[in-house]
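First up is the structure itself, then whatever we jot down about it.
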Amino acid sequence: MKKDLIITIFGSTGDLTSRKLLPAITKLYTEKQISENVLVLALGRRDYDTKSYLEFVSQSKSNKVVNFDVLHKIVKYHKMEITQPDGYESLKELINEHSHEHTKSFFYLAVGPEMFADISMHINTFNLVTKGDTTKAIVFEKPFGHDLDSAKAINQTLWKYFDESQIYRIDHYLGKEMIQNIMTVRFANRIFEEAWHNRSIKSVTIVAKEDQGILGRAGYYDQSGALKDMVQSHLLQILSLLAMEVPVSYNSHDVKNEKVEVMNNLTFDKHATIFGQYKGYLTEPNIKPNSKTDTFVFIKAFVNTPRFKGVPFYLMTGKKLDEKVSYIEIEFEATNEQKKWNLPLSKNKLIIKFAPYESVELVLNSKTPGLRENVQPITLELNQDDIDYGNRSEAYEKLILDITNGHKTLFTRWDEIESSWHFIDKIKARPHELVIYENYEQLKKLMKDKADVVI
Ligand code: BG6
């Protein structure tokens, strides 16, 4: 039967497919956000048929699909060696068999960046995506390369085969509700718009702590580490949304121009950087016995633009920490009056939380009720979970929907990736000590000692 939408997944037996992609597709299908007439082709070299493949997905530790009936309806497993040309002829036949003139089709590469070039070449050679065909797209999971040079090489290959308009580079944090909310909070509220600069903002902290370890992803993670896995993509994307100038317009191009400008102006405090590795990492399956891979990183960065010169941006992320929590905290300077009063006043803070729950909080000073003149911090909180429960979408749902609709705002442009790698390479190139940590307290103390900050 001919389909309106065909989603082809490379890397279908990987963690991302069972944990994120298939659940997102199932939800979009159930909620009728994507065509009911959809085919999901799961490609892999393992010897499965569709039934045994879906059994494998249902048994995988990370699977989060609730409704397997949907997957049985829309998924088809296709066995092939994705880096070899051999299987592509039969893949093409399969896709042609299910396509009509207007079928939209996208190819999702949920594989390591070392395979991007080969797969892209085969996809192009076998005319699965021809340059300029607007019904076809190709999607690349992060990381896009492992340093600036490898990222450049990948990108040159992609541009050889595809138009930029057909290329979607994923950073799933951009699909998160609260990350999309950054621009709204900044630009749609006079109180923040007026105070968004180094005269009012004292510091910015961006945290993505995880309590889990590497969850069996040794092959990828040991090559990558926390700096490249989380900072190059997710944390720098957040930083650039926070620090950018007001864009000329809110179209994708103008917003990205401003984000790139931020990344091109980044520096970091060489003496305050901390790299760590959790105790026990070396005994995780398939980790090199002498691995020096970082599972924790702390950076004190600066954005050298007139707006933010001098304001520290603390970036922190790590695995096997005390909790899974991700948030942004903007700390404002004390008021002039506050400075005069000899009271232990708290600073105004804007906190945007995106895990484990989503909220926007504003910390203000208020008089303590009663006869005395005491002041206490109060928190105004908009908890997205309370007001919007059941309505929220997972990042991957939003991103997959945008791909099917050809919306590119939430995908990274090449120059964003280029400038972020440039910064990351500079940090990586500095010789650094690797702290073996047993608990978060140890790292907290270290951040206090090195950067005088409590996170
Ligand atoms: C991924 C990283 O991009 O993001 C993982 O590769 C990390 O190592 C994950 O665990 C965190 O995403 P989230 O959405 O759970 O914060």
Quick query: amide H of GLN376 versus all other amide H atoms, modeled in the peptide plane; which residues come in under 5 Å with a sequence gap of 5 or more or a different chain? SER366, LYS367, THR368
So how strong a dipole does the range 205-246 carry about its Cα centre when Lys and Arg Cβ are +1 and Asp and Glu Cβ are -1, to the nearest 20 debye? 60 debye
In square angstrom, what is the accessible area per residue of the chain with a 1.4 angstrom probe? 46 Å²
Evaluate the charge dipole of the range 169-305 about its Cα centre and quote only its size in Debye, nearest 20, assuming +1 on the Cβ of each Lys and Arg and -1 on the Cβ of each Asp and Glu. 280 debye
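Order these peptides, 20-26, 273-279, 154-160, by their mean beta-carbon neighbour count within 10 angstrom, highest first. Working shown, then result.
Working: 20-26: 23.7, 273-279: 21.0, 154-160: 16.9.
Peptide ranking by packing, descending: 20-26, 273-279, 154-160.
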Of the options VAL38, ASN155, TYR173, report the single residue whose Cα projects farthest towards the positive end of the charge dipole of the chain (beta-carbon charges: Lys, Arg +1; Asp, Glu -1). TYR173
Please work out the Cα center distance from the range 1-32 to the range 312-367, rounded to the nearest Å. 38 Å
Excluding ligands and nucleic acids, what accessible area in Å² is computed for HIS432 using a 1.4 Å probe, to the nearest 10? 80 Å²
Assuming R0 = 30 Å, what is the FRET efficiency of LYS160 and GLU245, from their Cβ-Cβ distance, to the nearest 0.05? 0.35
The chain - mean residue ellipticity at 222 nm from DSSP helices (-39,500 (n - 2.57) per run, n ≥ 4, rounded to 500): -9500 deg cm²/dmol
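Out of all DSSP beta bridges with both ends in the chain, state the antiparallel percent to the nearest 5.
Details: 41 of 77 bridges.
Among the beta bridges of the chain, antiparallel pairing accounts for roughly 55 percent.
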Other residues with Cβ under 13 Å from the Cβ of PRO113 give, with Lys and Arg +1 and Asp and Glu -1, a net charge of -2
Collect residues whose amide H, placed 1.01 Å from N in the peptide plane, falls under 5 Å from the amide H of ILE201; neighbours closer than 5 in sequence don't count. GLU333
Could you calculate the contour length gain from LEU380 to ASN439, that is, 0.36 nm times the residue separation minus the distance between their Cα atoms, to one decimal place in nm? 18.1 nm
Electrostatic dipole magnitude of the chain [Cβ: Lys, Arg +1; Asp, Glu -1; Cα centre; debye, to 20]: 800 debye
Give the ranking of THR135, THR379 by solvent-accessible surface, highest area first, calculated with a 1.4 Å probe. THR379, THR135
Using a 1.4 Å probe, how large is the accessible area of ASP118, given in Å² and rounded to the nearest 10? 70 Å²
Rounded accessible area of ARG46 (nearest 10 Å², 1.4 Å probe): 110 Å²
What is the sum of charges around GLY280, taking Lys and Arg as +1, Asp and Glu as -1, for the other residues whose C-beta is under 13 Å from the C-beta of GLY280? +1
If I model a spin label as a point 7 Å beyond the Cα along the Cα-Cβ vector, how far apart are those points for ARG372 and ASN189 in nm? 3.1 nm
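Of LYS349/LYS445; LYS426/LYS448; LYS209/LYS259; LYS2/LYS176; LYS176/LYS319, which pairs sit farther than 30 Å apart, going by alpha carbon to alpha carbon?
Working: LYS349/LYS445 22 Å; LYS426/LYS448 24 Å; LYS209/LYS259 24 Å; LYS2/LYS176 33 Å; LYS176/LYS319 20 Å.
In this structure, LYS2/LYS176 exceed 30 Å between Cα atoms.
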Express in whole angstrom the spacing between the alpha-carbon centres of the range 164-218 and the range 51-102. 33 Å
Cβ-based charge dipole, the range 74-215, positive-most Cα from GLY145, MET80, HIS197: HIS197
For a quick protection proxy, order the peptides 92-99, 173-180, 224-231, 189-196 by their average other-Cβ count within 10 Å, most packed first. 224-231, 173-180, 92-99, 189-196
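What's the carbon and sulfur percent of the chain's accessible surface, probe 1.4 angstrom, rounded to a whole number?
Working: 10330 of 20830 Å².
That share works out to 50 percent.
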Jot down the radius of gyration and Dmax of the chain, Cα atoms only, both in angstrom. 23.4, 82
Return the FRET efficiency for the residue pair ASN286, LYS76: r is the Cβ-Cβ distance, R0 is 30 Å, and the value is rounded to the nearest 0.05. 0.45
Interchain or sequence-distant (5+) residues whose placed amide H lies within less than 5 Å of the amide H of PHE268 are PHE302
In whole Hz, the Karplus estimates of ³J(HN,Hα) for the range 313-323 (6.51, -1.76, 1.60; θ = phi - 60°; x where Gly or Pro) are 10, 8, 10, 9, 8, x, 10, 6, 9, 6, 7
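The values are calculated or read from the model by the stated rules, or taken from the named source; none is laboratory data. From a predicted model like this one, the values you see are computed outputs, not experimental measurements. With ideal geometry, Cβ positions are generated from the backbone for all residues, glycine too; neighbour counts draw on all protein chains shown. Side chains are part of the model used for accessible areas, which takes the heavy atoms of the whole protein and leaves out ligands, DNA and RNA. Shrake-Rupley method; radii C 1.70, N 1.55, O 1.52, S 1.80 Å.
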